[in-house]
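The values are calculated or read from the model by the stated rules, or taken from the named source; none is laboratory data. This is a predicted model, so every value here is computed, not measured. Cβ: placed from backbone, ideal geometry, glycine included. Neighbour counts: every protein chain shown.
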């Protein structure tokens, strides 16, 4: 068998790996500096570092990390195992991507992430920066996947112009959420923002409450 074929075979059968741990000191400090503040609805002690294997857009296997609520960590491991089996591609999913200095974050903004202590973002229909209510991300009970390929849309608008090619959800371009991805999250009881009624859809967004 040619060496290239052997490499492809190894790539195809690379096993899924995962781990869950309390936030290590450096991670805790990074999250506290960039995404948490006093008054957040969860203490840092209730957050966990979830490490999982995932497939990149280049077909290679990578190790990604998310910060999530401790109650969500084990269920999400099951979800990402399913996404790995589906070979669903994820663009960026690391702590540096989500919480590192702005200058070190990916310029395309296509970062999959979990915990972020912030308000829910209003629909693009109305604009503004906050709704006055906590986002599910502030509880560590939400995950966004590939926000460029899966935009937050409303009234034919998006907060990111680069997402416009992905408004047509029938095209099934790489990285777009598919019914199989939705089923993976539904298997743990999580809902999808793409299922919301009305013109506002958050195609990147999955959460324990469905909101």
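Any chance the stretch 148-160 includes a residue that's surrounded by fewer than 16 Cβ atoms within 10 Å (Cβ to Cβ), under 19 Å from residue 40 (Cα atoms) and over 18 Å from the mean Cα position of the chain (by Cα)? No; the residues of the stretch 148-160 include none that is surrounded by fewer than 16 Cβ atoms within 10 Å (Cβ to Cβ), under 19 Å from residue 40 (Cα atoms) and over 18 Å from the mean Cα position of the chain (by Cα). Filtering the stretch 137-147 to residues that are more than 12 Å from the chain's Cα centre (by Cα) and either surrounded by fewer than 22 Cβ atoms within 10 Å (Cβ to Cβ) or not in a helix (DSSP H, G or I) (or both) leaves only 138. Filtered by the rule that a residue be within 19 Å of the chain's Cα centre (by Cα) and either without any contact (Cβ under 8 Å) to a residue 24 or more places away in the chain or assigned to a helix (DSSP H, G or I) (or both), the stretch 165-181 gives 166, 167, 172, 179, 180, 181. Number of residues in the stretch 183-199 that are at pLDDT 95 or above, surrounded by fewer than 18 Cβ atoms within 10 Å (Cβ to Cβ) and assigned to a loop (DSSP other than H, G, I, E, B) equals 4.
The residue of the stretch 34-46 that is surrounded by the most Cβ atoms within 10 Å (Cβ to Cβ), among those that are more than 13 Å from residue 113 (Cβ to Cβ), touching a residue at least 24 places away in the same chain (Cβ under 8 Å) and touching a helix residue (DSSP H, G or I) at 6+ places or on another chain (Cβ under 9 Å), is 36.
For residue 96, indicate whether it is free of Cβ contacts under 8 Å to residues at least 12 places away in the same chain and within 15 Å of the chain's Cα centre (by Cα). Considered against the rule, which asks whether it is free of Cβ contacts under 8 Å to residues at least 12 places away in the same chain and within 15 Å of the chain's Cα centre (by Cα), residue 96 comes out as yes. So, of the residues in the stretch 110-121 that are assigned to a loop (DSSP other than H, G, I, E, B) and under 17 Å from residue 209 (Cα atoms), which turns out to be nearest to the chain's Cα centre (by Cα)? The extreme case among them is 114. For the condition touching a residue at least 40 places away in the same chain (Cβ under 8 Å) and crowded, with 21+ Cβ neighbours inside 10 Å, residue 109 does not qualify.
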